[in-house]
Structures are given as C-alpha cells and as structure tokens.
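The values are calculated or read from the model by the stated rules, or taken from the named source; none is laboratory data. Please read all numbers here as calculations on a predicted model, not as lab measurements. When we count neighbours, we look across all protein chains shown, and the Cβ atoms used for this are built from the backbone with ideal geometry, even at glycine.
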Amino acid sequence: MQSVQLTGYPTASGGPPEHHGLRIIRPGGKQEAVPESMVPINTRPLDFATFGDALFVVVQGEPRGSEARMSRNNQPPDPHATFASTAAQAHLWLASDRDVFVYGSAADEGRRPLFVHWDGEHWAPDAPPPGVDRLVAFDRTDAGAERVFGFTGDALSLWERPRGGAWTRIDLPHPHVAEKIDNQWLMNGEAWLHVTSDYRPGRLLRMAPVQQVYRVGKGLEAPDPEDACFPPEPVAVVDGGA
C-alpha cells in the first residue's frame, strides 16, 4: 500500500454529510475503493493511517458514535472499538500493525480523554495521565517511554510514562510576559513547543537534552538565554534552519 486518499467532503447546506470515500493507492498508481464498512454512510473519518497492508481509520457518526477500525488487504474490518457515543477529536499513532494508539477527547460526558490501544487482536482503553481531559500529541521514545501533551481546561501539560511505570509530569517553561504557547509536537523521541507574542518573532522550544539548536538569522552563540530547551541545559546554538 502506498497511500490513502480522502475523496468526499461535508455538504455546505448543513444536511446529512455526503459519503466520505477513502481510496487506496497501490504502487504503480492502481486505486481501490475502501470498503464502506470501514467508513459507513453518515460517518466521517477523523484520521487514517497505514502500516503494510493494514489500514486504520477513526470515524465519527450517528448513531454508532466514534469508532476505531482496522482492515487488512482491503477486507471488511476486524473487531472495532466504539470509544465515544457522539462527538470526538481523535488521532492515530502507529508503531506497527500490532501497536496502535487512538488519542484525543470525547464530548459525550462533558469532556474526557481518549486513549485506546490496539495490540493486534483487541482494542482496549489505556490509562491517560491523571486530571487531563484532552490529549493532543503522543509519542514513544527509543527507550520505550511514552509521552503525551494534554490539556486540563486551557492549561497545557507534558507527561511521561516509562515502560511498565506510572505517568509523571514534566515541567514546561514559563513563557515571557505577553507570550503564549500556541502549538506542541512529539516526534522521534523529542518534545517541541512553539511560543508566540505580539511583539517578537515566534520561538521553538525543544526538550533537553539538546546537542544543537538551530536558530534562524543568528550566528554561533553561547547557551541560549531564552529557553531554547527545557529544562535549562547548556546547548550549542548553530545558525541555520531546523
């Protein structure tokens, strides 16, 4: 499998959504329609991803609610998980076709976090960090530690769980006056924040330990005085682009 393509969009009239078709594009350009059982009529895909011949789709709709589904070789889906009765925000993270997480939030009980794992046989809920009501990023480090960015109301937090351990909170930097954190990423074992303000250019903050920090428009400098990494740790700062 080379890629998956969304071919439908919601109607502008506010009526029932049109069918959101997914098509598989095979190497060489051959296309195949994904079975309707993966994205039933009156549902819409929230996220989709592939690993080998396995296609994972998270859909939202009525009356089924929000579900995670998996299909191999474009066949009807294996057992699926219904994780919210109504609206949800959900994303997929894959390490393999037997190691998949759905993370996000559901709105059917006020707001609660979504954190569901596929082990190759079953979908099962996992324990999110305590007190968090919305998960916005997930990743796993090379050492096997899992990390999430989550929100409690409007407050952002970063959490880490070592293999077989419990969630612990990682301190985030405090933005300067008139600054705010407006985006966050977890990728390749690293954690990043983007900080903006009305009076200065945006800044990327990277979780320590850091070997190099690339800062656009600046030459070689002493360790960064503006929290280029967190928690503070001596770093080499090199001119260039990330």
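Run down Val39, Val59 and say which single residue is more than 27 Å from Gly144 (Cα to Cα), part of a loop (DSSP other than H, G, I, E, B), among the hydrophobic types (A, V, I, L, M, F, W, C) and modelled with pLDDT of 80 or more.
Val39
So which residues in the range 125-157 are touching a residue at least 40 places away in the same chain (Cβ under 8 Å) and in a strand (DSSP E or B)?
Pro125, Arg134, Val136, Ala137, Phe138, Asp139, Arg140, Arg147, Val148, Phe149
Every residue in the range 1-36 that is surrounded by fewer than 16 Cβ atoms within 10 Å (Cβ to Cβ), modelled with pLDDT under 70 and among the β-branched types (Val, Ile, Thr), please.
Selection gives Thr7, Thr11.
Provide a single number: the residues in the range 188-202 that are under 24 Å from Ile170 (Cα atoms) and out of contact with any Gly (no Cβ under 9 Å at 6 or more places or on another chain).
Count: 8.
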